[in-house]
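The values are calculated or read from the model by the stated rules, or taken from the named source; none is laboratory data. This structure is a prediction, so every number in the text was calculated from the model and none was measured. So basically every Cβ, Gly included, is an ideal-geometry build from the backbone, and we count neighbours across all protein chains shown.
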């Protein structure tokens, strides 16, 4: 059965792909550590937004001035790039294509966000 492209879109949203052979730590182990980094970046952003009174959208937009604003900006960049790497590892980059989705993920509490990451692990694949 043929499905239209919008029903089963490319999981990597047209991102660069290449077949590679490698020797090293298992990719599931790499995914586990990367997931922990994303979870901690999410928690850090939550802490920074609580301390500054800026919501998740403000963190993403770089609202504010001074050192606190710079810290939020750097933490957001860490979260954003770690999340993209995690999604790429699991061949699920298509799940987050817009900044609005990143802000929605930031607005989740820690438990809901970890459940979302667990879903990426279940539905994605580190072996392609």
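A few notes on this one:
- Hey, residue 57 within 17 Å of residue 108 (Cβ to Cβ), in contact with a helix residue (DSSP H, G or I) (Cβ under 6 Å, 6 or more places away or on another chain), surrounded by fewer than 17 Cβ atoms within 10 Å (Cβ to Cβ) and at pLDDT below 95 or not: yes
- Single match in 45, 34 (criterion: touching a residue at least 24 places away in the same chain (Cβ under 8 Å), closer than 15 Å to residue 111 by Cα and surrounded by 17 or more Cβ atoms within 10 Å (Cβ to Cβ)): 45
A quick yes/no check of all residues on (1) surrounded by 15 or more Cβ atoms within 10 Å (Cβ to Cβ); (2) at pLDDT below 90; (3) over 29 Å from residue 19 (Cβ atoms); (4) touching a helix residue (DSSP H, G or I) at 6+ places or on another chain (Cβ under 7 Å):
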{"position": "61", "(1), (2), (3), (4)": "yes, yes, yes, no"}
{"position": "69", "(1), (2), (3), (4)": "yes, yes, yes, no"}
{"position": "74", "(1), (2), (3), (4)": "no, no, yes, no"}
{"position": "77", "(1), (2), (3), (4)": "no, no, yes, no"}
{"position": "88", "(1), (2), (3), (4)": "yes, no, no, no"}
{"position": "92", "(1), (2), (3), (4)": "yes, no, no, yes"}
{"position": "96", "(1), (2), (3), (4)": "yes, yes, no, yes"}
{"position": "113", "(1), (2), (3), (4)": "yes, no, yes, yes"}
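- Applying the condition of being in a helix (DSSP H, G or I), free of Cβ contacts under 8 Å to residues at least 24 places away in the same chain and within 17 Å of residue 31 (Cβ to Cβ) to the range 80-114 and asking which residue is farthest from the chain's Cα centre (by Cα) yields 81.
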